[in-house]
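Engineer: Quick one: this structure, given as structure tokens, is what I'll be asking you about.
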Amino acid sequence: MTKRVVLIGHPVAHSLSGAMQQAAFDSLGIDATYELWDRTPIELAEAVAELRGDAFLGANVTIPHKERVVPMVDRLTDDAHVTGAVNTLTREGKRLIGHNTDVPGFKVALDRLVGKQKMPRNAVVLGAGGGARAVVYGLITEGFQRVVVFNRHLHRAEGMVKHFGRSAAHMELRAMPWHDSIIEAELAKTRVLINATSIGLMNDQSPVPAEALHGDLLVLDLIYAQTRLLRDAATAGATVADGELMLLHQGAAAFTLWTGQPAPLELMQAKLAEARAGGLRSAEGEPAGVAADAPAAAASAAD
Ligand code: NDP
């Protein structure tokens, strides 16, 4: 019987994950299909219940469901438990296990961004959704000493900081209100800036004013595209990276969880690049369409 793996999100059309996962199944002769399920929050529980059937190897969960799915599974792995976010599901009989492969994916991306330099100790994180939770946990475990989180809705950032209370007891983890002047003041004393909001995914906006960026910054945008933030940061002389490596490595880890086999990384990376060049968009917060006035870079390659 052909096995099924699904991506549950809203919206999910034209997934980059579909391209890399299907190619990986096919190349290893695994009889499985990767399907896109667009499910609204109200439809999520029913979709998750369906995954308990024998045909399913598991699923990916993406924007905006990563936190909402947590109480719907039977067991959480450590990374999923500690972040309070799930991006991958596996099945053991009728039981569903929630994993968070964004955590290792983010760490690969951070390591590559920092390169041979000493790992910095201060970071600013923009966003407080499911992706941001993996980012903040990754920074905590990398030994960062001060992490400041800005989010449009401050209460969500405060909730995330509270959630990490015990894991972050040895360091300073703070939520701050989203004001350009406060963000600028924090960036002036920070080495690492991570964008974990979806600002820039659908349009050519940046979450921070260009003047706030400086040449000592290491900037990672989780969106898989040359976003305005990354372009402004590069102009300021900063070191920049987009979300490609995180997307690739979270996907590779998920593949191994579903199949028990090492992921064909090179092939998956090539398929991502191919899909990106073809204008497909990511599984990770996928817009339904492209704004007519979006510039070519963002329009063709958002995440
Ligand atoms: P969520 O829906 O859980 O969170 C969305 C975040 O973006 C929230 O912090 C939200 O703020 C913020 N946001 C959205 N729109 C706006 C806006 N107009 N102004 C200000 N803030 C806004 O999504 P995820 O955390 O799952 O994903 C967030 C981003 O990270 C997406 O772009 C996704 O593509 C990317 N991502 C990439 C990954 C990769 O592998 N490369 C992995 C995971 C995520 P608020 O709470 O105030 O609504």
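The values are calculated or read from the model by the stated rules, or taken from the named source; none is laboratory data. Everything quoted here is computed from the prediction, not taken from an experiment. Glycine also receives a Cβ, built like all others from the backbone with ideal geometry; neighbour counts cover every protein chain displayed. For accessibility, only protein heavy atoms count, side chains too; no ligands or nucleic acids. Shrake-Rupley method; radii C 1.70, N 1.55, O 1.52, S 1.80 Å.
Engineer: In a Debye calculation with equal point scatterers on the alpha-carbon sites of region 83-137 and no solvent, what is log10 I(q)/I(0) at q = 0.22, 0.28 Å⁻¹?
Structural biologist: So the normalised log intensities are -0.88, -1.14.
Engineer: How do Met20, Met202 rank by accessible surface area computed with a 1.4 Å probe, from largest to smallest? Numbers along the way, then the final one.
Structural biologist: Working: Met20 0, Met202 80 Å².
Highest to lowest solvent-accessible surface, that is Met202, Met20.
Engineer: What is the Cα convex hull volume of region 44-90 when expressed per residue in Å³?
Structural biologist: 69 Å³
Engineer: May I have the convex hull volume per residue, in Å³, for the Cα set of region 160-257?
Structural biologist: Here the figure is 131 Å³ per residue.
Engineer: Any idea what the dipole of the chain comes to, in debye rounded to 20, about its Cα centre with Lys/Arg Cβ at +1 and Asp/Glu Cβ at -1?
Structural biologist: 760 debye
Engineer: Here's another thing I want to ask about it. Would you kindly state how much longer the chain becomes between Lys116 and Glu50 on full extension, computed as 0.36 nm times their sequence separation minus their alpha carbon distance, in nm to one decimal?
Structural biologist: Value of the extension gain: 19.2 nm.
Engineer: Check Thr88: other-chain or 5+ apart residues with amide H under 5 Å from its amide H, H built from backbone geometry?
Structural biologist: So Thr88 has HN proximity to Val61, His99, Thr101.
Engineer: Sticking with this one: Distance in nm between label sites at Thr256 and Gln145, each 7 Å beyond Cα in the beta-carbon direction?
Structural biologist: Roughly 3.3 nm, to one decimal.
Engineer: Check Trp178: other-chain or 5+ apart residues with amide H under 5 Å from its amide H, H built from backbone geometry?
Structural biologist: Asn151
Engineer: Counting other Cβ atoms within 10 Å, keep those with at most 15, restrict to DSSP loop, and tell me which trypsin sites (Lys or Arg not before Pro) in region 80-117 are left.
Structural biologist: Here the trypsin sites (Lys or Arg not before Pro) that fit, given the DSSP loop and packing criteria, are Lys94, Lys116.
Engineer: What base-10 log of the normalised intensity I(q)/I(0) is obtained for the chain from the Debye formula, alpha carbons as equal point scatterers, at q = 0.07, 0.10 Å⁻¹?
Structural biologist: -0.24, -0.51
Engineer: Can I ask one more? With label points built 7 Å along Cα→Cβ from the Cα atoms of Lys3 and Asp204, find their separation and express it in nm.
Structural biologist: Those two pseudo-labels are separated by 4.4 nm.
Engineer: Which of Phe150, Phe56, Phe106 moves the most in a Gaussian network model of the chain with Cα springs under 10 Å?
Structural biologist: Phe56
Engineer: Still on this model: Give me the mean projected area, in nm² to one decimal, of the convex hull enclosing the Cα positions of region 36-148.
Structural biologist: 7.7 nm²
Engineer: Could you list log10 I(q)/I(0) for region 1-58 at q = 0.27, 0.28, 0.29 Å⁻¹, which the Debye formula gives when each Cα is one point scatterer?
Structural biologist: Normalising to I(0) and taking log10 leaves -1.12, -1.15, -1.18.
Engineer: For region 78-206, what is the Kirkwood hydrodynamic radius in Å, using each pair of distinct C-alpha atoms?
Structural biologist: 15.3 Å
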